[in-house]
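This report refers to the structure that appears directly beneath it.
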Amino acid sequence: MTAMATMSEVKRTKTEKKFESKYGYFTEDGLEYVITRPDTPRPWVNVICNGGYGLVESQTGGGFSWRENAQLSRITRWEQDLIKDNWGKYLYLRDRESGEFWSGTWKPCTPEFDFFEVRHGLGYSVLTSLYRKIRTEKTIFVDRKDPIEIWRLKLTNEDLKPRRLSVFSYFEWCLGNSADTHREFHKTFIETHIDEKNHAIYGLKRPALVPGFISTGLSEKPLEAFHAAHPKPVAYEGDKEAFFGRYGNDFAPEAVRKGRLSNTQGKWGDSTASLQVDVDLAPGETKEVTFLLGATRSQEESVQLIQKYAVPQAVQKGLEEVKAFWRELVQASWVETPDEATNFITNIWMKYQTISGRIWARTGYYQCSGGFGFRDQLQDSQVFLPLNPELCKKQILLHAEQQFPDGTVHHWWHPGTRIGAVTDCSDDLLWLDFITLNYLDETGDESIFDLKAKFLPDPETKKVTDGTLYEHCIRAIDKVFTRFSPRGLPLIGECDWNDGLSHVGIHWKGESIWLGQFFYGILKRFRPYVEKRDSKRAEEYEKRAEALKEAINKYAWDGEWYIGATRDDGRPLGSKVCDQGKIFLNTQTWAVITNAATPERAKICMASAQKHLYSEYGPLLLTPAYSVTDPTIGYITRYAPSVRENGGLYTHAGTWAIQAECIMHNGEKAYGLYKSFNPIQRGLNPDHYFVEPYVTPGNVDGPDSPHFGRGGWSWYTGSAQWYYTVVMNWILGVRPVKEGLLLDPVIPKAWPGFKMKRKFRNATYEIEVKNPQGINCGVKEVKVDGKTQTSNLLPAFRDGKAHRIEVILGR
């Protein structure tokens with residue numbers, strides 16, 4: 001039975017509840033998480049984006065929408081408050097006979113529902129409630145391609161008598177920079193216009209002409225947006241005061257209490273959007289109302305989108321297109337292991353979190369970025385390698401254009417603007433080389449080196465030039481060579497991968513040991529490609545790489561582990577001599593990952609990591625945590641102890657510990673680490689874990705925190721892709737390399753085997769691994785389409801066909 005056949009069987013039934021807690025469960029196929037009560041420990045959200053338009057929806061009905069940039073082009077107002085979660089796009093219901101009103105979602109009125117359920121799926125959410133015998137089902141999704149979101153509202157009368165209802169939508173226009181906290185200033189640029197013919201109210205923020213020296217002159221990309229409904233609204237509202245009343249509140253707006261909107265519009269109020277649709281229901285009857293919200297370049301385009309979703313059949317078609325898109329994308333690779341939590345996370349949710357949340361939306365409830373991080377979305381794009389490598393290639397070239405001619409890069413930037421951060425972070429530029437190498441391992445497509453990409457304007461001459469991707473990669477490497485200490489170690493600058501080490505090397509004297517290990521690995525892997533084009537340069541890179549490895553082992557070895565860095569004044573971090581921050585995780589794991597350590601030291605440093613850093617909730621980034629702000633280290637010391645990078649589990653780095661243990665062929669340790677911060681397993685104790693059980697958080701509090709084990713910073717984290725990749729490439733061990741597809745599983749002894757479907761270089765590999773001896777690793781036998789082969793390296797077939805691979809583990 002293939003993995004895909006298994007999935008098809010599972011899809012036919014959704015009856016069994018999986019990994020159930022007091023707040024919810026996964027459906028049997030893992031494609032939905034169902035929340036069964038509204039008071040989750042923190043907002044449990046869905047980040048829905050089609051690559052241009054997006055929204056966040058929480059289980060309470062909170063959230064916000066944007067087009068293209070969640071920070072600079074926010075459509076609706078929202079303030080980050082994870083305790084209250086009281087900003088959203090709401091639907092109020094009012095009984096026109098009794099005058100009683102409530103909200104269809106838990107916020108803002110917090111009714112005591114007779115039934116409550118929220119289903120978060122791939123590209124959609126369904127929020128259902130029952131109150132006073134009226135069932136409300138709101139399905140929210142974003143069109144597969146167009147800049148519009150759809151709220152399909154199904155109202156069912158479960159009463160024995162007819163019910164006459166009014167539905168009021170409500171949200172506040174932002175239409176620009178999300179940080180418009182000086183509302184009295186920004187509201188003067190926004191206007192509303194009612195279009196009864198097309199059932200809509202428009203919001204427009206006039207283009208910015210505010211000088212930068214005015215404190216409220218926020219950078220933004222102003223929008224023109226619309227809010228419409230089918231059937232036609234009986235009234236409209238564009239003014240906040242008219243909706244709420246003087247000193248009104250969101251759980252009892254005056255307009256809802258009175259049952260009528262005022263049709264106010266124009267340039268002179270605090271702009272909002274509300275539509276009133278009246279619905280009459282016979283006993284047992286169900287009717288649909290469609291609400292639309294979108295942002296376009298013109299009113300003509302808006303009208304086209306409003307008309308596109310004029311009938312319920314069009315809404316259903318649009319929803320099915322979204323579901324089909326996500327199913328096809330995630331099914332491109334598929335695994336079947338004895339651990340169902342691993343299956344759900346690997347097959348579905350890590351892919352979705354990475355693509356929808358990190359690469360496309362670039363936002364979440366804990367952080368609203370909107371921009372691209374040079375190293376961030378580059379790493380994220382690795383999720384596409386087993387799914388659609390062309391999308392990773394696209395990301396590589398996009399980032400290459402954020403490089404200056406001297407090899408340095410923007411730390412982050414906002415596309416379509418001139419906004420970009422020029423920093424002295426020392427590692428960013430090398431991620432271009434690292435991800436390009438991984439793309440080459442996946443595809444073997446060396447022609448990518450010859451593709452042209454522009455450089456950013458030269459800071460001195462202002463000229464814009466271009467170069468091949470190969471030239472971009474070489475300039476990054478050569479720039480790092482100019483930033484070496486007299487001891488032959490790379491300088492850390494404002495930080496390495498750990499942004500919190502922001503003051504370690506601000507005078508360009510402090511050294512980064514992790515950067516040295518990372519750079520060493522890149523030089524060794526990049527050399528064969530350089531050899532084909534410039535043998536002299538390749539020889540120089542090889543010499544420099546070996547000298548770097550020697551310097552790391554001469555100056556960074558602390559007896560039982562590698563130190564983390566040295567400050568501008570030469571004092572070490574991550575050393576036995578430190579009172580706090582004695583040992584860093586990354587310099588142990590990457591010593592193994594890049595082979596910068598000797599075999600003996602690799603064993604010693606990983607044993608030290610296990611002894612000092614591995615906790616019951618995942619490997620800590622460092623220990624002990626810093627408790628005093630230190631201006632010679634950086635803002636990491638400003639965090640509370642055991643929070644985020646300061647001695648907590650930083651899940652991104654935690655995945656590298658799993659990889660390192662796999663390289664050491666420590667199967668039980670690797671899987672134990674993996675399970676220790678698997679969100680599904682952690683989510684079984686939700687009042688301890690707090691965050692969503694279906695996506696990975698950015699961090700988990702460490703042992704110095706009173707909330708040891710509590711997750712935070714969910715959705716917007718680079719760990720999702722790595723948590724996916726470390727399973728595919730290292731635990732299951734089906735790993736692309738330059739020569740082909742390597743089989744090197746490192747699994748728990750208790751596993752009898754696993755299956756995987758994987759695309760690789762225009763062929764499909766249907767792999768079944770059996771573990772009859774109950775061992776962690778070691779490939780004894782490989783059959784390809786029934787024929788035994790002597791190697792655990794599978795060839796690249798490139799024939800567009802499916803091939804059956806049988807693997808037997810054994811000594």
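Can we say Thr136 is of a type in the set (Ser, Thr, Tyr), within 21 Å of Cys174 (Cβ to Cβ) and surrounded by 23 or more Cβ atoms within 10 Å (Cβ to Cβ)?
So Thr136 fails the test.
Would you mind stating whether Phe384 is surrounded by 15 or more Cβ atoms within 10 Å (Cβ to Cβ), modelled with pLDDT of 95 or more and either β-branched (Val, Ile, Thr) or within 27 Å of Arg67 (Cβ to Cβ) (or both)? Outline the logic, then answer.
Numbers: surrounded by 15 or more Cβ atoms within 10 Å (Cβ to Cβ): yes; modelled with pLDDT of 95 or more: yes; either β-branched (Val, Ile, Thr) or within 27 Å of Arg67 (Cβ to Cβ) (or both): yes.
It is true that Phe384 is surrounded by 15 or more Cβ atoms within 10 Å (Cβ to Cβ), modelled with pLDDT of 95 or more and either β-branched (Val, Ile, Thr) or within 27 Å of Arg67 (Cβ to Cβ) (or both).
Among the residues of segment 490-517, count how many are touching a residue at least 60 places away in the same chain (Cβ under 8 Å) and within 16 Å of Ala547 (Cβ to Cβ).
Residues in segment 490-517 being touching a residue at least 60 places away in the same chain (Cβ under 8 Å) and within 16 Å of Ala547 (Cβ to Cβ): 6 in total.
Those residues that are of a type in the set (A, V, I, L, M), part of a helix (DSSP H, G or I) and open to solvent by less than 10 Å² (accessible area, probe 1.4 Å), I need them from segment 231-266; list them, please.
Looking only at segment 231-266, we keep the residues that are of a type in the set (A, V, I, L, M), and these are 234-235, 242, 252, 255-256, 261.
If we keep only those that are part of a helix (DSSP H, G or I) as well, we get 242, 255-256.
Correct list: Ala255, Val256.
So that you can scan it fast, the table gives a plain yes or no per residue for (1) closer than 30 Å to Ser369 by Cβ; (2) in contact with a Phe, Trp or Tyr (Cβ under 9 Å, 6 or more places away or on another chain):
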residue	(1), (2)
Asp85	yes, yes
Ser103	yes, yes
Thr110	no, yes
Tyr124	yes, yes
Ile134	no, yes
Thr139	yes, yes
Ser169	yes, yes
Leu175	yes, yes
His182	yes, no
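Please enumerate the residues belonging to segment 580-603 that are under 18 Å from Trp730 (Cα atoms) and aromatic (Phe, Trp, Tyr).
Scanning segment 580-603 gives a single hit, Trp590.
Which of (1) of a type outside the set (D, E, K, R); (2) touching a residue at least 24 places away in the same chain (Cβ under 8 Å); (3) out of contact with any Pro (no Cβ under 8 Å at 6 or more places or on another chain); (4) open to solvent by 10 Å² or more (accessible area, probe 1.4 Å) is the odd one out, the single condition Leu82 does not satisfy?
(3)
Please state which one of Gly648, Gly698 is buried (at least 21 other Cβ atoms within 10 Å of the Cβ), under 24 Å from Gly564 (Cα atoms), under 15 Å from the mean Cα position of the chain (by Cα) and not hydrophobic (A, V, I, L, M, F, W, C).
Among Gly648, Gly698, only Gly698 is buried (at least 21 other Cβ atoms within 10 Å of the Cβ), under 24 Å from Gly564 (Cα atoms), under 15 Å from the mean Cα position of the chain (by Cα) and not hydrophobic (A, V, I, L, M, F, W, C).
Tally time: how many residues in segment 473-507 are open to solvent by less than 20 Å² (accessible area, probe 1.4 Å) and over 25 Å from Gly581 (Cβ atoms)?
4
Which members of segment 17-29 meet the condition of being assigned to a loop (DSSP other than H, G, I, E, B) and surrounded by 23 or more Cβ atoms within 10 Å (Cβ to Cβ)?
Of everything in segment 17-29, nothing turns out to be assigned to a loop (DSSP other than H, G, I, E, B) and surrounded by 23 or more Cβ atoms within 10 Å (Cβ to Cβ).
Determine whether Ile808 is among the aliphatic types (A, V, I, L, M), at pLDDT 95 or above, more than 25 Å from Pro389 (Cα to Cα) and part of a loop (DSSP other than H, G, I, E, B).
So Ile808 fails the test.
For residues that are under 29 Å from His507 (Cα atoms) and of a type in the set (Gly, Ala, Ser), tally how many sit in segment 415-458.
3
All but one of (1) open to solvent by less than 10 Å² (accessible area, probe 1.4 Å); (2) within 30 Å of the chain's Cα centre (by Cα) hold for Glu616, so report the exception by its number.
(1)
When only residues in segment 327-343 that are part of a helix (DSSP H, G or I), open to solvent by 10 Å² or more (accessible area, probe 1.4 Å) and not acidic (Asp, Glu) count, which is farthest from Gln721 (Cα to Cα)? Talk me through it step by step, then tell me what you get.
In the first step, residues of segment 327-343 are kept if they are part of a helix (DSSP H, G or I); the result is 327-330, 340-343.
Adding the requirement that they be open to solvent by 10 Å² or more (accessible area, probe 1.4 Å) leaves 327-329, 340, 343.
Filter again for not acidic (Asp, Glu), leaving 327, 329, 343.
Numbers: Arg327: 18, Leu329: 15, Asn343: 15 Å.
Filtering segment 327-343 for residues that are part of a helix (DSSP H, G or I), open to solvent by 10 Å² or more (accessible area, probe 1.4 Å) and not acidic (Asp, Glu), the one farthest from Gln721 (Cα to Cα) comes out as Arg327.
Which of the following residues is within 27 Å of Tyr650 (Cβ to Cβ), of a type in the set (Asp, Glu) and not in a helix (DSSP H, G or I): Asp458, Asp499?
Sole residue among the options that is within 27 Å of Tyr650 (Cβ to Cβ), of a type in the set (Asp, Glu) and not in a helix (DSSP H, G or I): Asp499.
Just to be sure before I move on: is Lys532 over 19 Å from Ala476 (Cβ atoms), open to solvent by 40 Å² or more (accessible area, probe 1.4 Å) and not small (Gly, Ala, Ser) in the structure I sent?
For Lys532, the condition - over 19 Å from Ala476 (Cβ atoms), open to solvent by 40 Å² or more (accessible area, probe 1.4 Å) and not small (Gly, Ala, Ser) - is not met.
Within the set of pairs 6+ apart or on separate chains, which have a first residue in segment 308-326 that is under 12 Å from Val289 (Cα atoms), a second that is open to solvent by less than 40 Å² (accessible area, probe 1.4 Å) and among the aliphatic types (A, V, I, L, M), and C-beta atoms under 7 Å apart?
Filtered contacts from segment 308-326: Tyr309/Ile150; Tyr309/Leu292; Tyr309/Val315; Val315/Ile150.
If you check every pair at least six apart or on different chains, which have Cβ atoms under 6 Å apart with a residue in segment 780-799 that is modelled with pLDDT of 95 or more first and a residue that is open to solvent by 60 Å² or more (accessible area, probe 1.4 Å) and assigned to a strand (DSSP E or B) second?
Lys783/Glu806; Asp785/Arg804
Please enumerate the residues belonging to segment 675-695 that are small (Gly, Ala, Ser) and surrounded by fewer than 22 Cβ atoms within 10 Å (Cβ to Cβ).
Residue satisfying the conditions is Ser676 alone.
What's the number of the condition Lys14 fails, among (1) at pLDDT below 95; (2) open to solvent by 10 Å² or more (accessible area, probe 1.4 Å); (3) out of contact with any Ser or Thr (no Cβ under 6 Å at 6 or more places or on another chain)?
The number of the failed condition is (3).
Of the residues Trp715, Trp722, only one is crowded, with 24+ Cβ neighbours inside 10 Å, under 21 Å from the mean Cα position of the chain (by Cα) and farther than 21 Å from Trp44 by Cβ; which?
Of Trp715, Trp722, the one residue that is crowded, with 24+ Cβ neighbours inside 10 Å, under 21 Å from the mean Cα position of the chain (by Cα) and farther than 21 Å from Trp44 by Cβ is Trp722.
Find the helices (runs of 4 or more DSSP H) located wholly in segment 636-740 whose residues include 2 or more that are under 23 Å from Ala602 (Cβ atoms), and list them.
In segment 636-740, 651-663, 667-676, 719-725 are the helices (runs of 4 or more DSSP H) which contain 2 or more residues that are under 23 Å from Ala602 (Cβ atoms).
Out of all the residues in segment 292-306, is one or more touching a residue at least 40 places away in the same chain (Cβ under 8 Å), acidic (Asp, Glu), open to solvent by 10 Å² or more (accessible area, probe 1.4 Å) and part of a helix (DSSP H, G or I)?
For segment 292-306, residues touching a residue at least 40 places away in the same chain (Cβ under 8 Å), acidic (Asp, Glu), open to solvent by 10 Å² or more (accessible area, probe 1.4 Å) and part of a helix (DSSP H, G or I): absent.
What number of residues in segment 751-765 are closer than 16 Å to Asn343 by Cβ and either of a type in the set (A, V, I, L, M) or in contact with a strand residue (DSSP E or B) (Cβ under 6 Å, 6 or more places away or on another chain) (or both)?
Qualifying residue count, segment 751-765: 6.
Restricting attention to segment 99-111, does a residue exist that is of a type in the set (Phe, Trp, Tyr), free of Cβ contacts under 8 Å to residues at least 60 places away in the same chain and crowded, with 20+ Cβ neighbours inside 10 Å?
Yes - at least one qualifying residue is present in segment 99-111.
Here's the yes/no breakdown for (1) under 22 Å from Glu68 (Cα atoms); (2) part of a helix (DSSP H, G or I); (3) more than 27 Å from the chain's Cα centre (by Cα):
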| residue | (1), (2), (3) |
| --- | --- |
| His399 | yes, yes, no |
| Asp406 | no, no, yes |
| His411 | yes, no, no |
| Leu437 | no, yes, no |
| Lys462 | no, no, yes |
| Gly467 | no, no, yes |
| His472 | no, yes, no |
| Lys479 | no, yes, yes |
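Considering only segment 662-674, I want to know if a residue exists there that is at pLDDT 95 or above, under 27 Å from Glu32 (Cβ atoms) and out of contact with any Pro (no Cβ under 6 Å at 6 or more places or on another chain).
Within segment 662-674 (the criterion being at pLDDT 95 or above, under 27 Å from Glu32 (Cβ atoms) and out of contact with any Pro (no Cβ under 6 Å at 6 or more places or on another chain)), the answer is yes, since at least one residue qualifies.
The values are calculated or read from the model by the stated rules, or taken from the named source; none is laboratory data. No experiment lies behind these values; they were computed from the predicted model shown. No Cβ is skipped: glycine too gets one built from the backbone with ideal geometry, and neighbour counts run over all protein chains shown. Protein only, heavy atoms only, side chains kept; ligands, DNA and RNA dropped before computing areas. Shrake-Rupley method; radii C 1.70, N 1.55, O 1.52, S 1.80 Å.
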